[in-house]
Amino acid sequence: MNFNPKNKTINISLMVGAFLIVSLILWNTNSFFEKFKKEERHKMEIWATAQAEFLQSSQTQDLGDLHLMIFQNNTSTPMILVNKSGSFSAKNMMSTKIKDSVFIQEKIEQFKKENTPVIMNHRGDHIATLYYGNSEVLNKLKYYPLALMLIIFLFGAVIFFFFKTNKASEQSKLWAGMAKETAHQIGTPLTSLLGWNELLKDENINPEISAEIEKDIFRLQTITDRFSNIGSLPKLEAMDIVAETRSAFEYIKRRSSKLIQFSFDSQVESLPVLLNKPLFNWTIENLVKNGIDAMRGKGHIAIEITHIGAVVNILVSDTGHGIPKGNQQSIFNPGHTSKKRGWGLGLSLVKRIVEEYHNGKVKVLSSSKEGTVMQISLKTKV
């Protein structure tokens with residue numbers, strides 16, 4: 001496995017560069033908005049000047065085509081002209097409401113917030129006030145920075161989840177590599193133990209001693225198989241899930257305190273399911289051990305197997321202190337543990353074995369102060 005620190009530096013540099021580019025676009029858009037707003041203000045001042053001269057001109061006075069061109073070219077900016085007498089006229093607004101005084105007054109208040117009114121004077125006398133709002137183009141441009149901010153946020157979220165996923169992938173590879181190396185390291189002394197045990201048999205040592213050593217060797221071989229299968233695609237074979245679950249359950253039962261009650265119940269006598277035996281047994285053992293730890297060595301552990309359609313459910317229940325609701329999803333994350341000396345790998349391995357290797361589901365079915373029920377769901381072979 002190669003973990004190149006240069007890749008991390010390049011990724012961070014790309015992320016910072018992207019943020020700088022987007023920030024520059026945002027700043028440039030805001031500057032353009034302010035400039036466009038000033039130009040629109042200048043245009044309205046010219047329109048107000050032309051309107052003042054037009055209102056004060058006599059009918060026989062020839063003003064030329066300039067005023068007419070100014071009036072005709074302004075078709076996008078909504079405006080309300082209020083004369084000193086209080087009468088008003090509206091332009092570039094909804095034609096159905098321009099006679100409604102209440103609507104006009106609301107628009108005047110809105111336009112005041114958007115732009116400073118233009119006071120129209122002629123030869124020192126106040127003749128009217130022009131209220132105007134932002135044009136349609138300016139309104140769209142106003143919300144463009146907000147859209148860019150949203151893009152920045154989404155972009156940042158994508159980058160964050162990318163790095164988080166990448167980190168999780170690296171951690172997964174690291175754990176898989178450690179598991180394989182552990183299996184390799186165990187293999188050497190295990191082979192030696194097999195040889196020494198055969199020598200003990202030849203020396204006619206107490207057969208019970210050799211039998212117990214063989215049990216421990218078999219257990220070590222099982223552990224080695226489990227670690228060897230982590231990080232690679234394990235081979236699945238059709239097996240009786242009832243028998244395999246019972247076998248793993250009984251193994252823990254024989255090695256647990258007499259203060260713990262164990263019960264096993266199945267709706268079916270046998271049921272073929274595609275399993276990897278070492279990994280599946282490891283899953284059951286982990287769940288049962290977690291339940292025992294939650295009960296602090298005293299209580300009731302039960303396994304129930306139910307068969308519904310093409311799905312078999314394995315329910316592992318305990319009478320422990322329960323799992324807080326806020327932790328019921330995070331307990332499957334690597335490193336999450338409530339034990340002082342725990343590594344937080346047991347349930348993360350359970351999730352990986354069930355969901356990635358067996359295409360099943362594992363979840364906290366229920367949890368309270370009275371206990372917890374964990375559920376494994378797998379598809380049956382038939």
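The values are calculated or read from the model by the stated rules, or taken from the named source; none is laboratory data. Note that the structure is a prediction, hence the values are computed from the model and not measured. Note that each Cβ is placed from the backbone with ideal geometry, even for glycine, and that neighbours are counted across all protein chains shown. Please note that ligands, DNA and RNA were not included when accessible areas were found on the heavy atoms of the full protein model with its side chains. Shrake-Rupley method; radii C 1.70, N 1.55, O 1.52, S 1.80 Å.
Given the structure, is N327 within 23 Å of F264 (Cβ to Cβ) and surrounded by fewer than 18 Cβ atoms within 10 Å (Cβ to Cβ)?
No, not satisfied.
Can you give me the number of residues within the stretch 103-137 that are part of a helix (DSSP H, G or I), free of Cβ contacts under 8 Å to residues at least 24 places away in the same chain and out of contact with any Gly (no Cβ under 6 Å at 6 or more places or on another chain)?
So the answer is 7.
Given the structure, is A238 within 39 Å of the chain's Cα centre (by Cα), modelled with pLDDT of 75 or more and outside any helix (DSSP H, G or I)?
Yes: the conditions hold for A238.
Before we move on, is T96 open to solvent by 100 Å² or more (accessible area, probe 1.4 Å), β-branched (V, I, T) and at pLDDT below 80?
Here the answer is yes, as T96 does meet what is asked.
Test G322 against the stated conditions and say whether it is open to solvent by less than 30 Å² (accessible area, probe 1.4 Å) and either of a type in the set (S, T, Y) or within 29 Å of the chain's Cα centre (by Cα) (or both).
Yes, satisfied.
Step by step: first the residues of the stretch 277-316, then only those that are assigned to a helix (DSSP H, G or I) and of a type in the set (D, E, K, R), then the one that is nearest to E237 (Cα to Cα). Which residue is that?
K277
When both residues are 6+ apart or on different chains and their Cβ atoms are under 7 Å apart, which pairs have a first residue that lies in the stretch 1-24 and is at pLDDT below 70 and outside any helix (DSSP H, G or I), and a second that is of a type in the set (D, E, K, R) and surrounded by 10 or more Cβ atoms within 10 Å (Cβ to Cβ)?
From the stretch 1-24, the pairs are M1/K173; F3/E170.
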